[in-house]
1. Given the criteria touching a strand residue (DSSP E or B) at 6+ places or on another chain (Cβ under 9 Å) and in contact (Cβ under 8 Å) with a residue 60 or more places away in the chain, does V457 qualify?
2. Could you say which residue among V624, V674 is in contact (Cβ under 8 Å) with a residue 60 or more places away in the chain, out of contact with any Phe, Trp or Tyr (no Cβ under 6 Å at 6 or more places or on another chain) and either within 20 Å of Q549 (Cβ to Cβ) or assigned to a strand (DSSP E or B) (or both)?
3. Only residues that are acidic (D, E) and within 17 Å of S428 (Cβ to Cβ): list them for region 520-553, please.
4. Which condition from (1) more than 33 Å from the chain's Cα centre (by Cα); (2) free of Cβ contacts under 8 Å to residues at least 24 places away in the same chain is the one that K152 breaks?
5. Give the residues of region 389-428 that are without any contact (Cβ under 8 Å) to a residue 60 or more places away in the chain, farther than 30 Å from K442 by Cα and either within 16 Å of the ligand (Cβ to nearest atom) or not in a helix (DSSP H, G or I) (or both), sorted by residue number.
6. Residues that are closer than 21 Å to E519 by Cα and within 15 Å of the ligand (Cβ to nearest atom), at least 2 per element: which helices (runs of 4 or more DSSP H) completely within region 449-507 meet that?
7. Of all residues in region 355-375 being at pLDDT 95 or above and part of a loop (DSSP other than H, G, I, E, B), which is farthest from V592 (Cα to Cα)?
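The values are calculated or read from the model by the stated rules, or taken from the named source; none is laboratory data. Just so we're clear, the structure is a prediction, and the values are computed from it rather than from any experiment. Because the Cβ atoms are built from the backbone with ideal geometry, glycine has one as well, and the counts that use them run over all protein chains shown. Quick note on the areas: whole protein, heavy atoms, side chains included, nothing else; ligands and nucleic acids left out. Shrake-Rupley method; radii C 1.70, N 1.55, O 1.52, S 1.80 Å.
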Amino acid sequence: MRTCAVGSLLLLVTLAGCSSPDSSKPAAPAKPAAPAAAPADRKYLLERVDDAAVVQLYADGFTSLPLKQKTLIYHLYQAALAGRDIFIDQRHKDALEMREVFEQIIAHSQGVDPKSLGEIVRYAKLFWLNNGPYNNLTARKFVLNLTPQQLKDAVYASAKAGAKYMTWEKTIDDKLARLGPMFFDPNVDPIVTNKSPGPGKDILEASANNLYSGVKMSDLKGFTEKYGLNSRLVKKDGKLVEEVWKVGGMYGNYISEIIKHLEAAKPFAEPPMAKALDALIKFYQTGEEADRKAYDIAWVQDKNSSVDTINGFIEVYVDPRGIKGSWEALVFFVNQEKTQRIKTLATNAQWFEDHMPWDAKYRKASVQGIVANAIDVVVETGDSGPVTPVGINLPNDQAIREQYGSKSVALANVNESYDKSAPTNMRSEFSWDQAEADRTTKYATFSGELTTDMHEVIGHASGKQAPGKDNPQALIKEYFSALEEGRADLVGLYFIADPKLAELGIFPAAEQDNYVRTEYESYTRNAIVQLRRVRQGSQIEEDHMRNRQMIVKWLMANTKAIEARTRDGKSYLVMVDPKQFRDGVGKLLAEVQRIKSEGDFAAAKKLFDDYGIHFDPKQRDEIVARVDKLQLPSYSGFVMPKLTAETDAKGAITDVKISYPQDLTAQMLEYSGVKK
Ligand SMILES: [Zn+2]
């Protein structure tokens, strides 16, 4: 196992700071400023809300960064917070108004019935974690378990205590009546993203998000979309109109505020990053695709900055068509201690490309500029927080990836928080025997992080399109995201068993079998354990979950690597043959790459219809009963670190302090600017 003490991590970060161009101090004799050592007993798991865990995220290396980088991060952090509401509005047109109602009640709760308040706080926490009234993973709506009258009473009581409500209507009663169905009725706008609504139904009409208004798939025939990634598509008087997200357009106020902070950040950025920030500002100003491409290129060409940000309309999972970008922002710095492994993969990317188990015509002859880092995030908002990814590979534009390469990050401090906050019995409950459980305890953290690294760096970054099939998203439509996630997972599963990894020093050759077996076992178990996240229905909606089920069920149907067993009324998936598992992964990966490269929609649809989407609700109920008994969460949301700037008399930043609020409610009210 590769773990590192927190102390040495901080020391390394400090030395890196000393050798960077903006530091004037000599490296060797300088004593690193004593970093605040992480107390051994500090809190990771803060609380449970229904099936969610609330976890504090720490970014220990921040205090040791030079002031210039701290200041840069501070401004980028402000830019990240400035756009936060965009994503909430993208998820549902009423979401921001709904949030205002419960945030005012919570901030002015004097005189509110305590029982009602308890339920409002529960609902609010789920809403905050999921950026709206829909569960991130299941895409389904959750409701407020009060009567409309109880909510109204709470609103009136809070108004007496100083709450202020904005409304389009004449009275607050009218507003509550309008929002009522969204708060209380599970059948109104029930699913935020519905890619499989059933025969004869339309994926846009069946999806409640705010990326479209009044539009059906059939309306799009013969329509050329000019702002696919960054507009809301609306049918007005029988005509399609693109409401572009840019300065002076939709979300213009938020975007202008973001730009203000990006401008403030620029003087503290190294030249390649300043260039990327300029390109981003220009794209936010014009909304034009050419400027988005210029930004993607500038961002991917900034290879060496140890501080970086992702800020914009990026991932397309919320759109059932997989076209419109959800707004998100992350700000992060390189974790020097943990970055070696992922860099090794990036350096050897061509070797992996040459050995992909797919047809040689879909391999890149020369892999361009893959950049990879392990990072610590300081803040994540929009589509990436409070529920966060563990790895990211961007940009998503296939043509730019093929020509200019991509950047991958592994979110080291997020992984650490997951690990430290997870109940220990999670793994053993679903392991077939003690040996499997022991292996998991010993090897699973490392093997999981390693496959995540491979997923991003040599997975997403790999492969090429057939001639004339440049835009696989447009061809594979609602199955694209799940297919692409499956492809990246399969690359990780395939190469973890390759002797090349030991040769590269990723792990000792003698231990490889343990890592491989452990990873295959936990990947297999996950196919049923993840069903706990889908508590209603018999269908998976979230793309990563679809791909993971697809891979395991395909292996079960096409190899003898996995056995479904039951004991004492409990079901298990047991990985019994790593060799067959890997051979199957290789075959499936070759087919998945062919589907992507050729844009074979029919094959993608069949693959997911057969293996990835549907499950047995009886088995799900059994899994849910088991996890509830053990109090295992279905997902985690993170409370972010907080930055505070100290300034001199002229307003120049003299230091930036980081702190850890350990309180979701306080952080969310502060982000919204709600004063008590
Ligand atoms: Zn991915």
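1. Working: touching a strand residue (DSSP E or B) at 6+ places or on another chain (Cβ under 9 Å): yes; in contact (Cβ under 8 Å) with a residue 60 or more places away in the chain: yes.
It is true that V457 is touching a strand residue (DSSP E or B) at 6+ places or on another chain (Cβ under 9 Å) and in contact (Cβ under 8 Å) with a residue 60 or more places away in the chain.
2. Values: V674 fails: either within 20 Å of Q549 (Cβ to Cβ) or assigned to a strand (DSSP E or B) (or both).
It is V624.
3. So in region 520-553, the residues acidic (D, E) come out as 521, 541-543.
The answer is E521, and nothing else.
4. Answer for K152: the failing condition is (2).
5. none
6. On the way: elements: 472-476, 480-495, 499-503.
Correct list: 480-495.
7. Ranking the candidates gives H355 first.
Yes or no, residue by residue, for (1) out of contact with any Cys (no Cβ under 6 Å at 6 or more places or on another chain); (2) of a type in the set (F, W, Y); (3) assigned to a helix (DSSP H, G or I); (4) open to solvent by 20 Å² or more (accessible area, probe 1.4 Å):
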position: E243; (1), (2), (3), (4): yes, no, no, yes
position: V247; (1), (2), (3), (4): yes, no, no, yes
position: Y254; (1), (2), (3), (4): yes, yes, yes, yes
position: P267; (1), (2), (3), (4): yes, no, yes, yes
position: L277; (1), (2), (3), (4): yes, no, yes, no
position: F283; (1), (2), (3), (4): yes, yes, yes, no
position: V300; (1), (2), (3), (4): yes, no, yes, no
position: N304; (1), (2), (3), (4): yes, no, no, yes
